[in-house]
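J.: Please see the structure below; I have some questions.
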Amino acid sequence: MSTGAGIAPSPPRSRYGRFMTGVLRGTLKLDVWINKVYPADYNPLYYTGGLSNLFLFILVLSGIFLFFYYEASLVEGFASVQYITLGVPYGGLIRGVHRYAADGFIVAVLLHLFRNWFTDRYLFSRDNPWISGMFLLIFGGFVGFTGYQLVWDERAQVLTAMFVGMLRSLPLIGDWLARVFIGGAGVSDGTLVRALFLHIGPASALYVMLWWHYLRLRHPKIWPPATWVLASVGLVFLLAGVIPATSGQPAAPAGRPASFPMDIFFLIPFWLLNYMSPFAVMVLLGALFTLGFAIPYIARREAPQEMSVRHAGVAQVIDGNCTGCELCFFDCPYNAIAMVPSPAPGLSRAAANRTWLAVVIESRCVECGICIGACPFEALELPKFLERDVQAQVLEAVRA
Amino acid sequence: MSNGPKVVGFVCDWSVDLVPLMEGGRLREMPSVRIIRVPCSGFVRPSWLEDALGRGADGVFVTGCPYGDCLNREGNYLMRDRVDQLQRRLQRRRVDPARLGMLAYGLHDGPAFLAAVRAFVEGIRALPAAAPPRSAPAAPAPAAAERETP
Ligand code: SF4
Ligand code: SF4
């Protein structure tokens with residue numbers, strides 16, 4: 001009679017499932033360790049999203065500052081960056097802040113991605129934050145790359161040539177894409193204008209995607225705790241002061257340096273070019289992101305039937321009992337409950353005079369059951385784990 | 001069957017790994033503790049906790065993930081607030097709030113979780129005997145609005 005009581009969940013069968021279960025355990029074990037150092041409220045791994053947003057905010061502010069001085073042309077590009085670094089008061093510092101905040105951003109974003117992947121936080125309706133997150137990652141990475149281009153030193157020149165090579169390697173649309181990217185048949189002043197746009201345009205688009213990212217979340221944790229805000233800002237400034245961001249040699253029309261410093265966070269695809277053909281790198285990137293997008297749909301750690309009480313069905317409102325008190329509406333962490341004008345009075349005494357009725361937006365519900373705990377009027381149920389089942393288990397417990 | 005105080009624990013299925021700790025729906029080390037697995041600690045309706053106490057349980061507790069790490073983002077914080085509220089309400093009704101507990105332990109915190117449950121059970125054992133259980137526990141729970149009136 002008791003649903004799921006005392007039944008050990010069967011271990012996941014597939015090798016992938018076992019692997020992901022191991023990773024889940026590892027991730028949470030890491031938390032246990034970090035919680036020994038920081039109180040749980042300050043565990044930075046609980047705030048990877050907020051940290052990403054913080055770094056993005058620093059990037060926007062410092063980027064606006066840099067934008068005032070930057071000139072997008074082959075001759076002036078490098079010179080204006082040098083002027084920012086050496087001529088403008090605190091310019092070098094701000095440039096460094098922009099540089100290191102970008103690294104912080106990508107680290108925080110990757111931590112956010114892996115943590116939410118490894119802890120199953122993309123299940124059911126949480127695919128929307130996942131998909132928007134993948135877009136954020138792609139756009140963020142691309143913005144980082146065009147940022148390196150803007151400096152227009154030797155490295156920028158080589159990166160541009162490499163990227164054009166990668167684009168050209170694509171069949172059919174390759175040449176066209178390359179022309180669009182550099183603005184003509186060859187690198188010209190227009191190239192840097194485009195780079196500037198491709199830096200700022202997608203960066204602004206990040207905020208549109210963030211809106212999508214937050215759409216299904218109530219009270220998203222947008223900022224980390226104040227101590228971590230201070231620590232991150234301080235760290236970025238400290239790095240910018242101690243290891244200033246620098247340019248390489250100015251780009252020369254015929255120059256082709258043998259090597260240049262690689263940034264491990266943004267430039268990994270270009271590093272791969274040492275070992276693979278441009279087309280292979282493009283295919284690899286395409287495959288990686290396609291897999292990334294598919295994770296919520298193909299990569300379940302457990303089949304739904306193995307999830308027992310954790311897969312209890314989308315919450316259902318019991319119309320006759322709902323009083324329209326809005327408590328579930330406030331507590332659903334996924335914005336999955338909407339209050340609509342009540343079409344007809346409820347059946348129970350408390351619901352007879354209601355003006356509102358709760359409606360579950362099924363496509364958003366993740367089956368957590370938090371609204372059931374919020375509702376004092378027995379007007380919500382999880383279809384596969386009814387109040388009746390819970391009561392039966394309680395009775396069994398107190399009778400014994 | 002066992003001589004310990006009757007305790008009902010609602011445990012979130014994402015929090016403590018119960019497989020090694022449980023046997024037949026009860027904690028192996030403390031068979032007087034009956035575990036009810038729930039999809040999230042926030043799923044627990046405070047009236048169920050109240051009911052369990054009213055029907056003769058000596059104590060009830062809810063276990064969620066560590067604060068800040070709820071799989072469902074806020075379930076454990078919401079539940080902590082609800083438990084606080086219910087404790088205040090119980091106190092007004094002269095039920096010792098120590099009979100109601102909120103714990104937060106992660107997948108790997110089995111030993112710490114057991115220790116906390118043991119402390120909880122010992123705390124209850126030390127209390128004076130509770131009021132006798134409400135009669136006719138088989139009747140369906142009365143509507144919450146009626147239960148609110150003391
Ligand atoms: S179960 Fe309830 S609280 Fe959870 S997502 Fe669905 S509607 Fe929201
Ligand atoms: S908490 Fe219950 S009674 Fe209140 S609006 Fe939601 S479903 Fe209706």
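The values are calculated or read from the model by the stated rules, or taken from the named source; none is laboratory data. Predicted model, so just to flag it, every value in this text is computed and none were measured. Cβ: placed from backbone, ideal geometry, glycine included. Neighbour counts: every protein chain shown. The area values use the complete protein model at the heavy-atom level, side chains included, leaving out ligands, DNA and RNA. Shrake-Rupley method; radii C 1.70, N 1.55, O 1.52, S 1.80 Å.
J.: Working out 0.36 nm times the residue gap between A:Thr290 and A:Ile34, then minus their Cα-Cα distance, what length gain in nm do you get to one decimal?
T.: So the chain would gain 88.9 nm between A:Thr290 and A:Ile34.
J.: Further, regarding this structure: Through the Karplus equation 6.51 cos²θ - 1.76 cosθ + 1.60, θ set to phi - 60°, convert the phi angles of the stretch B:74-89 into ³J(HN,Hα) values in whole Hz; use x for Gly and Pro.
T.: With coefficients 6.51, -1.76 and 1.60, one gets 10, x, 6, 5, 4, 5, 4, 4, 5, 5, 4, 4, 5, 4, 5, 5 Hz.
J.: Quick one: which residues, 5+ away or cross-chain, put their amide H under 5 Å from the amide H of A:Leu380? H built at 1.01 Å from N.
T.: Those qualifying (amide H under 5 Å, at least 5 residues apart or on another chain) are A:Ile318.
J.: Over the stretch A:15-297, what is the relative contact order in whole percent, taking alpha-carbon pairs under 8 Å and six or more residues apart?
T.: Relative contact order, the stretch A:15-297: 28 percent.
J.: Give the ranking of A:Trp228, A:Trp271, B:Trp48, A:Trp176 by solvent-accessible surface, highest area first, calculated with a 1.4 Å probe.
T.: A:Trp176, A:Trp271, A:Trp228, B:Trp48
J.: Per DSSP helix of 4 or more residues, -39500 (n - 2.57); summed, then divided by the residues of chain A. What does that give at 222 nm, rounded to the nearest 500?
T.: -18500 deg cm²/dmol
J.: Now for a separate question. Counting only protein heavy atoms and a 1.4 Å probe, tell me what percentage of the stretch A:84-217's accessible area is made up of carbon and sulfur.
T.: Within the stretch A:84-217, the accessible surface is 74 percent carbon and sulfur.
J.: May I ask you to list the trypsin sites (Lys or Arg not before Pro) in the stretch A:295-391 that are in a DSSP loop and have at most 12 other Cβ atoms within 10 Å of their Cβ?
T.: Loop-located and lightly packed - A:Arg349.
J.: Put B:Val19, B:Val38 in order of accessible area, largest first, 1.4 Å probe: what do you get?
T.: The residues order as B:Val19, B:Val38, largest area first.
J.: Moving on to the next point. Amide H of B:Val38 versus every other amide H placed in the peptide plane: which residues, excluding those fewer than 5 positions away on the same chain, fall under 5 Å?
T.: B:Val11, B:Cys12, B:Asp13
J.: Report, ordered by chain and residue number, the aspartates and glutamates lying within cross-link reach of A:Lys29, taken as a straight Cα distance under 13 Å and ignoring same-chain residues fewer than 8 apart.
T.: Straight-line reach from A:Lys29, under 13 Å: B:Asp17, B:Asp69, B:Asp109.
J.: Find the relative contact order for the stretch A:307-399 and round it to a whole percent, using C-alpha pairs within less than 8 Å whose residues are 6+ positions apart.
T.: For the stretch A:307-399, the relative contact order is 39 percent.
J.: Which pairs in the list A:Lys36/B:Lys6; A:Lys36/A:Lys221; A:Lys221/B:Lys6 are over 29 Å apart, alpha-carbon to alpha-carbon?
T.: Pairs exceeding 29 Å: A:Lys36/B:Lys6; A:Lys221/B:Lys6.
J.: Per-residue accessible area for A:Met276 at 1.4 Å probe radius, Å² rounded to 10?
T.: Only protein atoms counted, so the area is about 60 Å².
J.: Let me ask another. Go through the stretch A:195-209 residue by residue and turn each phi into a ³J(HN,Hα) via Karplus (6.51, -1.76, 1.60, θ = phi - 60°); whole Hz please, and just put x for glycine and proline.
T.: Along the stretch A:195-209, the couplings run 4, 4, 5, 5, 7, 7, x, x, 5, 5, 4, 4, 6, 5, 5 Hz.
J.: Something else: I'd like to check one number: the per residue accessible area of the protein assembly as shown, probe 1.4 Å, reported in Å² as a whole number.
T.: Here the residues of the protein assembly as shown average 46 Å² of exposed surface.
J.: Could you tell me what percent of the DSSP beta bridges with both partners in the protein assembly as shown are antiparallel, to the nearest 5?
T.: In the protein assembly as shown, approximately 45 percent of DSSP beta bridges are antiparallel ones.
J.: Determine the distance separating the Cα centre of the stretch A:152-195 from the Cα centre of the stretch A:212-241; give it in Å without decimals.
T.: 34 Å
J.: How many square angstrom of accessible surface are buried between A and B, both sides summed, with a 1.4 Å probe and rounding to 100?
T.: 4600 Å²
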